[in-house]
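Nothing in this text is a laboratory measurement; each read-out follows from the coordinates by a stated rule. Since the structure is predicted, the reported quantities are computational estimates derived from the model, not experimental observations. Backbone-built Cβ (ideal geometry, glycine too); neighbour counts: all protein chains shown.
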């Protein structure tokens with residue numbers, strides 16, 4: 001029989017969209033997937049946004065920290081005869097001021113010297129022979145910092161390997 | 001079905017990506033990094049560390065910190081590469097039957113097991129990122145990997161709990177990331193200069209399939225060598241200048257290393273930078289500072305030989321493929337070092353063609369792997385290519401400003417509704433002038449259509465609410481409707497082919513906008529300032545009228561003087577004066593408002609009036625041309 005003249009056939013095909021069944025399933029699946037993707041994306045973006053807000057200043061603070069480090073180094077190297085100089089004291093005060101600004105933003109130092117080496121907090125740059133027990137930090141080469149609860153710079157440290165060379 | 005992630009399991013660093021909503025996205029690791037060091041260690045306390053944590057303790061635990069294990073995977077112990085590495089790495093490489101193993105802690109591990117640790121961390125981090133289980137992956141390998149190396153990589157995935165749906169070549173992944181599979185019959189060169197290795201591959205594309213024609217490279221050349229050259233130069237310069245040798249000073253070296261990396265990056269975008277390390281060291285004479293200027297030319301001089309070293313492998317690869325440089329249709333850059341202008345220049349010179357840019361060279365391989373994963377998972381289909389509006393769409397508002405409703409590059413289908421108001425008292429109709437383009441003023445943009453919404457009940461300006469909706473469907477057909485909320489009257493227009501501009505036209509319009517951005521901005525500011533002044537004059541007059549005798553005479557006088565002043569200068573060109581006068585009047589009228597509020601604080605009705613005084617000028621009032629004229633006549 002000629003399908004074209006079969007009324008029932010025409011009715012059936014007329015009412016049906018021109019899509020094969022598996023095509024439809026495919027499109028449906030794709031739609032579901034995109035929706036799920038979007039939902040997950042939305043949730044993650046939300047989380048990121050919250051974190052972003054909290055740690056908005058991280059990049060800037062990371063760039064200011066070396067200045068604070070250098071200030072501290074400058075003071076460490078301060079010649080004895082200048083220690084009571086009022087002008088020097090003024091500069092010293094500026095260092096405190098800078099530090100306070102960063103502390104107010106949530107910055108805190110990671111304690112390193114004398115502590116046990118911990119990969120979560122420290123980065124080892126050298127292993128040294130020393131009187132302190134192995135695995136203990138002997139010297140801090142570069143200060144580490146936390147911003148609120150997040151470590152933004154790991155402390156760079158030298159770690160003791162004990163009294164004797166054992167290489 | 002879960003997602004198939006794409007993993008670039010690198011020699012130095014690894015990265016991963018996934019298809020999300022039809023687009024590849026880099027998956028960040030648990031520390032927030034976009035790449036993860038391919039390093040595994042067993043700490044002194046017996047803990048297994050992977051990635052950054054392993055890297056941080058490498059120096060004090062070098063025997064048990066395994067890096068570059070990719071160089072060993074799938075190779076027999078007698079393989080020359082393995083024999084070479086035995087001399088180079090601080091950890092132990094041992095023979096186990098015919099196979100190679102590495103020693104970590106008390107035990108020996110196969111390279112597959114070590115790679116599995118890296119993949120395991122990536123898997124866990126991906127699960128945290130996606131919030132769902134991840135069990136399938138596409139992993140990339142260098143094009144020169146043989147069957148045994150590919151199989152070993154697959155096994156590493158299996159050990160990590162990943163079903164490796166496919167192993168694909170790194171250069172192929174890079175080509176996929178650039179969508180080159182959509183082209184036909186091309187010859188592609190992939191230049192991959194990473195942290196520790198250099199690879200060049202020649203691919204031939206036919207019928208959507210990539211065939212690797214040849215590969216070459218240097219397994220021990222990468223970004224780390226570049227840093228080292230800079231550090232050595234700094235040490236030398238400092239010695240010349242200050243007579244102190246920094247090469248034995250760990251603390252100084254650390255600071256030099258950080259600065260060298262920073263310098264390399266800075267000199268990719270600027271021509272000159274200053275390396276500034278105060279108090280780098282001290283001797284009997286006191287503290288010493290390092291302060292050296294370095295130009296891009298100097299840097300290129302320092303690393304020139306390293307860049308040159310990449311040319312010979314390129315020549316060989318071409319020769320092996322039986323091609324000339326001019327036969328190559330596309331060049332893809334992979335690896336962070338290819339950001340360096342000198343590298344790009346050398347590549348361009350060699351192939352005589354500009355390399356493709358746009359995808360982050362550190363991430364391009366992982367992105368390509370994710371796209372392959374998407375294809376395998378049935379997620380990547382041509383039917384769902386999303387379109388974007390090439391230019392912004394908006395309407396004309398007061399002062400012939402073009403107010404955008406839909407910004408350019410918005411993915412369609414989309415719709416946006418904003419409420420506008422009238423610009424004059426008793427204005428009963430508004431004209432909706434639909435515009436396309438980036439310029440700030442209506443006259444500079446393209447008119448797509450216009451219609452009038454009338455029958456708005458007479459009311460003071462700013463009171464009627466006309467809701468304007470822009471709706472673009474997936475075919476780029478734009479429907480604009482305007483509805484007066486009070487009367488419910490609605491008008492609309494359908495504009496088809498709003499995106500039917502040719503690419504050239506779009507580009508031209510975009511460039512025009514860029515060119516005129518500054519003057520447009522200034523002009524718009526002028527119009528906005530005048531609009532604000534107008535609006536304040538209007539509310540001030542209304543406030544004074546409403547206030548009647550509730551205001552002290554002196555306050556009223558003060559407001560009136562300032563009002564006259566603003567009226568006098570508002571059409572002039574001195575923006576600063578207008579702003580100042582605006583500010584003064586605004587403060588004065590606020591005082592009046594406050595006084596009124598106090599007076600009538602018990603009566604509710606006056607609250608509203610007080611609110612109105614604070615009413616900021618409506619940003620985009622719809623202008624009715626006739627009414628505007630009328631107002632001028634006033």
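See the values below:
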read-out: Label-point separation in nm, residue B:492 to residue B:550, each point 7 Å along Cα→Cβ; value: 4.4 nm
read-out: Equivalent ellipsoid semi-axes, segment B:32-90, via Cα gyration tensor eigenvalues times 5, rooted, Å; value: 23, 14, 9
read-out: Protection proxy ranking of B:329-341, B:192-204 - average other beta-carbon atoms within 10 Å, highest first; value: B:192-204, B:329-341
read-out: Cα convex hull volume per residue for segment B:298-455 (Å³); value: 224 Å³
read-out: Spin-label pair residue A:29/residue B:576, simplified geometry with 7 Å Cα→Cβ offset, distance in nm; value: 6.8 nm
read-out: q = 0.15, 0.16, 0.23, 0.26 Å⁻¹: log10 I(q)/I(0) that the Debye formula gives for segment A:119-167, counting C-alpha atoms only; value: -0.41, -0.46, -0.76, -0.87
read-out: Zero-based 5 Å bins, Cα pair distances in segment B:1-113, whole percents; value: 2, 12, 19, 20, 17, 13, 9, 6, 3, 0
read-out: Per-pair calculated FRET efficiency, R0 = 35 Å: residue A:97 and residue B:305 via Cβ, rounded to 0.05; value: 0.15
read-out: DSSP-defined antiparallel bridges as percent of all bridges, chain A, nearest 5; value: 65 percent
read-out: Solution diffusion estimate, µm²/s, Stokes-Einstein, segment B:412-485, Kirkwood Rh from C-alpha pairs, 10 °C, viscosity 1.306 mPa s; value: 119 µm²/s
read-out: Rough spin-label spacing in nm, given labels placed 7 Å along Cα→Cβ, for residue B:595 and residue B:325; value: 8.3 nm
read-out: Computed E for residue A:48/residue A:105 - FRET, C-beta separation, R0 22 angstrom, nearest 0.05; value: 0.65
read-out: Per residue, the convex hull volume that the Cα atoms of chain B enclose (Å³); value: 258 Å³
read-out: Peptide ranges A:82-95, B:393-406, B:267-280 listed from the most packed, as the mean C-beta count within 10 angstrom indicates; value: B:393-406, B:267-280, A:82-95
read-out: Per residue Cα convex hull volume in Å³ - calculated over segment B:291-368; value: 114 Å³
read-out: Average silhouette area of the protein assembly as shown, convex hull of alpha-carbon atoms, in square nanometres; value: 51.7 nm²
read-out: Stretch gain in nm, segment residue B:245-residue B:31, where the contour uses 0.36 nm per residue and the Cα spacing is subtracted; value: 73.4 nm
read-out: Alpha carbon convex hull of segment A:40-167, projected area averaged over orientations, nm²; value: 11.2 nm²
read-out: Rg followed by Dmax, in Å, when segment B:466-567 is reduced to its Cα trace; value: 22.6, 65
read-out: Sorted peptide list for B:452-461, B:427-436, A:41-50, criterion being average Cβ within 10 angstrom, highest first; value: B:427-436, B:452-461, A:41-50
read-out: Potential extension, residue B:106-residue B:485 segment - 0.36 nm per residue separation minus Cα distance; value: 128.6 nm
read-out: Ratio of Rg to Rh over segment A:44-93 (Cα coordinates, Kirkwood Rh, two decimals); value: 1.34
read-out: Mean Cα-pair separation over length for segment B:34-115, i.e. relative contact order, pairs under 8 Å, 6 or more apart, %; value: 26 percent
read-out: 222 nm mean residue ellipticity, helices alone, for chain A (DSSP H n ≥ 4; -39,500 (n - 2.57); rounded to 500); value: -16500 deg cm²/dmol
read-out: FRET efficiency estimate (nearest 0.05) - Cβ-Cβ, residue B:81 to residue A:149, R0 45 angstrom; value: 0.55
read-out: Whole-number percent relative contact order across chain A, with pairs defined as alpha carbons under 8 Å at least 6 apart; value: 17 percent
read-out: Shielding by other protein chains, A:118-125, mean Cβ within 10 Å; value: 6
read-out: Using distinct alpha-carbon pairs, which all enter the 1/r mean, Kirkwood radius of segment B:211-278 in Å; value: 13.9 Å
read-out: Theoretical ellipticity at 222 nm over chain B - DSSP helices of four or more residues, -39500 (n - 2.57) apiece, nearest 500; value: -13000 deg cm²/dmol
read-out: Relative contact order of chain B, pairs being alpha-carbon contacts under 8 Å that are 6 or more residues apart, as %; value: 10 percent
read-out: Shielding of B:49-60 by partner chains, average beta-carbon count, 10 Å; value: 5
